[in-house]
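J.: The structure is given below, and queries will be raised subsequently.
What follows draws every value from the coordinates through simple rules; no lab data is involved. In this text, all values refer to a predicted model and were calculated from it rather than measured experimentally. Please note: Cβ atoms are built from the backbone with ideal geometry, for glycine as well, and neighbour counts cover all protein chains shown.
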Amino acid sequence: MPNNLSELLPQMQQAVLDGDEQEAARLAQLALEQGFAPLDAINRGYLPGIRETGRLWEEGEYFLPELVTAAVAMKAAMAILNPAIEREQDGQAIGTVVLGTIQGDIHDIGKTLVGTLLSANGFSVLDLGCDVPIERFVQEATQIKADLVCASALLTTTMLSQRDLVLAVREAGLKAKVMVGGAPVTQKWADEIGADGFADNAVAAVEVAKGLVVHRAA
Ligand code: B1M
């Protein structure tokens, strides 16, 4: 039985690369049982696996089936680790968030991780899933008087809809701030489309969200 996380990390990465859902879940459960921080397992074990998957896809060594099975393995591990992260949350919500992956885009691993960390850090998060139409973001944000509208995009094509989302939130007269993110998204793009916030990883997304909500409350 491995007695430290560094022995499990390469196995987690390999489980994702192999698209081995059972093994990915088993290692996640083992990490929790051994008292390792769930976010550590994600960031140092599973994330490098899915990133390497992306690199192999770009190199033409992996194809769509490998992409899908790697994602399924990653999601199996996240299904075990996310609740452990959320359990760390306590107390009053510091803000309400409507979160989703933008229309046309079905990548949801990063989006879900952002949602998990936001809720573990005191936000009340309404996760709309993936391929979310602009109108749905606005409708839900209006309904719950959201402080933040958070849109993830993983394709250079779907990222363009984040501009439409910013416009729609403004035109609806919502007070909500808009944060964008996802692999192809940059601070420059966020500035160009007039988004209020950008983060290139889930941990940074929490800090940006806190800043936006505090700023709004002031
Ligand atoms: Co797709 N895919 N994929 N894919 N896929 C990418 C994104 C790609 C970069 C692969 C590549 O070419 N290297 C490429 C996009 C190229 C481009 O446009 N730039 C690509 C492509 C082309 C496609 C398809 C078109 C393939 C095809 O069908 N021909 C297709 C598109 C489907 C669609 O969306 N319409 C497709 C499909 C898929 C799968 C469904 C098989 C699967 C997703 C499974 C799922 O999500 N349920 C998949 C996967 C797994 C990938 C890669 C390998 C990994 C993405 C991932 O989950 N990364 C990806 C390669 C890559 O990104 N290097 C690739 C891990 C995740 C934690 O990172 O999402 O970046 P990320 O999230 C980070 C940060 O971005 C940030 O925090 C997160 C955690 O640190 N963050 C935010 C994310 N959202 C945020 C929001 C915020 C703030 C921060 O505020 C709101």
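J.: Please give every one of the lysines within straight-line cross-link reach of Lys175, meaning a C-alpha to C-alpha distance under 28 Å, and leave out same-chain neighbours fewer than 8 residues apart.
T.: Candidates past the 8-residue exclusion: Lys111, Lys145, Lys188, Lys210.
J.: Still on this structure: Put +1 on the Cβ of every Lys and Arg and -1 on every Asp and Glu Cβ in segment 126-177; which of Val132, Thr156, Val166 then has its Cα farthest towards the positive end of the dipole?
T.: Projecting each Cα onto the dipole axis, the largest value belongs to Val166.
J.: What are the residues whose amide H is under 5 Å from the amide H of Val178, where those residues sit 5 or more places off or on another chain and H is modelled from the backbone?
T.: For Val178, the qualifying residues are Val149, Asp196, Gly197.
J.: What is the P(r) of segment 120-191, as percent of Cα-Cα pairs per 5 Å bin from 0?
T.: Histogram of Cα-Cα distances, whole percents per bin: 3, 15, 30, 25, 18, 8, 0.
J.: Using helices alone, I'd like the mean residue ellipticity at 222 nm for the chain: each DSSP H run of four-plus residues gives -39500 (n - 2.57), total over residue count, nearest 500.
T.: Details: 11 runs with 125 residues, N = 218.
Mean residue ellipticity at 222 nm (helix-derived): -17500 deg cm²/dmol.
J.: Of the peptides 16-25, 203-212, 60-69, how do they stack up when ordered by the mean number of other Cβ atoms within 10 Å, highest first?
T.: 16-25, 203-212, 60-69
J.: By the scheme Lys and Arg +1, Asp and Glu -1, what is the net charge of all other residues having a beta-carbon under 12 Å from that of Phe198?
T.: Working: positive: Lys177, Lys188; negative: Asp191, Glu192, Asp196, Asp200, Glu207.
Neighbourhood net charge equals -3.
J.: Got a sec? How would Ser124, Ser119, Ser152 order by Cβ neighbour count within 10 Å, fewest to most?
T.: Numbers: Ser124 16, Ser119 21, Ser152 30.
The fewest-first ordering by Cβ neighbours comes to Ser124, Ser119, Ser152.
J.: For the chain, what class follows from the C-alpha gyration tensor (a ≥ b ≥ c being the square roots of its eigenvalues): rounded when a/c is under 1.5, otherwise prolate if a/b is larger than b/c, else oblate? Working shown, then result.
T.: Values: a/c = 2.37, a/b = 1.48, b/c = 1.60.
Oblate, since a/c reaches 1.5 and b/c is not below a/b.
J.: First measure r as the distance between the Cβ atoms of Arg87 and Val203, then evaluate 1/(1 + (r/R0)^6) with R0 = 22 Å and state the FRET efficiency to the nearest 0.05. Please report the intermediate quantities before stating the final value.
T.: On the way: r = 18 Å, r/R0 = 0.81.
My answer for the efficiency is 0.80.
J.: Another question about this same structure. Can you pull the one-decimal nm distance between simple spin-label points at Gln29 and Ala172, each 7 Å off the Cα toward Cβ?
T.: The answer from the label model is 4.1 nm.
J.: Points 7 angstrom from Cα along the Cβ direction at Thr186 and Val72: gap in nanometres?
T.: Using points 7 Å along Cα→Cβ, the separation is 3.6 nm.
J.: Once both axes come from the Cα atoms, what is the angle between helix 134-143 and the longest principal axis of the chain, in degrees from 0 to 90, rounded to 10?
T.: On a 0 to 90 degree scale, this one is about 70.
J.: In whole Hz and in residue order, list the ³J(HN,Hα) couplings for segment 176-182 that follow from phi through the Karplus curve 6.51 cos²θ - 1.76 cosθ + 1.60, θ = phi - 60°; x for Gly and Pro.
T.: Each residue's phi maps through the Karplus curve to give 4, 8, 10, 10, 10, x, x Hz.
J.: Using Cα pairs under 8 angstrom and six or more residues apart, how large is the relative contact order of segment 15-70, in percent? Before the final figure, lay out each step's value.
T.: Numbers: 43 pairs, mean separation 28.0, N = 56.
It rounds to 50 percent for segment 15-70.
J.: Another question about this same structure. Which ordering of Asp108, Asp191 is given by a fewest-first count of other beta-carbon atoms within 10 Å?
T.: Numbers: Asp108 20, Asp191 10.
Going from least to most buried by this count: Asp191, Asp108.
J.: Moving on to the next point. Calculate one ³J(HN,Hα) per residue across segment 54-64 by plugging θ = phi - 60° into the Karplus curve 6.51 cos²θ - 1.76 cosθ + 1.60, and present them in order as whole Hz with x for glycine and proline.
T.: For segment 54-64, the Karplus curve yields x, 5, 5, 5, 5, 6, x, 8, 10, 10, 3 Hz.
J.: Given 0.36 nm per residue, what is the gain on full extension from Gln143 to Glu7 after removing their alpha carbon distance, in nm?
T.: Values: separation 136, 0.36 × 136 = 48.96 nm, distance 4.69 nm.
Gain on stretching Gln143 to Glu7: 44.3 nm.
J.: Nearest 10 degrees is fine. How inclined is helix 202-217 to the longest principal axis of the chain, computing both from alpha carbons?
T.: 20
J.: Could you tell me which of rounded, prolate or oblate describes segment 96-216, using a ≥ b ≥ c as the square roots of the eigenvalues of the alpha-carbon gyration tensor, with rounded for a/c under 1.5 and, failing that, prolate when a/b is larger than b/c and oblate otherwise?
T.: Rounded shape, in that the Cα axes give a/c under 1.5.
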